[in-house]
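Structure first, commentary second.
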């Protein structure tokens, strides 16, 4: 404590700081700051959330595929006829090819029936012919005419009448309607197989259920073409007659592939 002399009782009171009081004041002011700093240092850092902490369930993605197929009788005949010409000048060769095609189209066009007998031109090309000295000594060209449809008798008869053209290839295919119908028949079967396979694999891997993640559906047709032997082409040129051809079968396949989420 600080005692004042008696003479100072009536005078205004004054506080005379001492070293001990100043030190006490500094300690009192510093305590809150030290306390705050201590709290900041003592508080542990908050860890960042990880995907594993946010999602407790574990999911697995499985890729699989299934298919269904059927054999369908071919009902669409495609006959490719071709002609070859040679000459010293390219324009002359091209004129010869155009003349043959024009003559053939004049015969074929009146017989056209959509779906039964259709006619279209195919590839045409003219290329140089080289001699032994490596120089161009002429030109050779080829052109194509295609007959196609369901009316086998009309197509084969017309092919035999076009004397300036030779048959280069015969193909049996499925008509668009036949192919679409076949795909519709087996698509449900392919889907059922995909679902059955998904359920079976889900259980085998120890999961309770699955969710469809993505799926793709595709279809294809596989058939065999018939190439005319060279002797047959020569014989047809000598004695026009309807072509002899027999249809086969085409295999239509529907494929389903995709992925599922096991859970």
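Bear in mind that the values in this text are calculations on the coordinates, not laboratory data. Predicted model, so just to flag it, every value in this text is computed and none were measured. Note that we place each Cβ from the backbone using ideal geometry, even for glycine, and neighbour counts take in every protein chain shown.
For region 70-94, a residue qualifies if it is part of a strand (DSSP E or B), surrounded by fewer than 17 Cβ atoms within 10 Å (Cβ to Cβ) and over 40 Å from the mean Cα position of the chain (by Cα), and exactly one does: 86. Considering region 95-118, the residues that are in a strand (DSSP E or B) and touching a strand residue (DSSP E or B) at 6+ places or on another chain (Cβ under 6 Å) include one that is surrounded by the fewest Cβ atoms within 10 Å (Cβ to Cβ), namely 118.
Just the residues that are in contact with a helix residue (DSSP H, G or I) (Cβ under 8 Å, 6 or more places away or on another chain) and more than 30 Å from residue 135 (Cα to Cα), please, taken from region 75-112.
If the condition is that a residue be in contact with a helix residue (DSSP H, G or I) (Cβ under 8 Å, 6 or more places away or on another chain) and more than 30 Å from residue 135 (Cα to Cα), then 75, 76, 77, 79, 81, 107, 108, 111 are the ones that fit.
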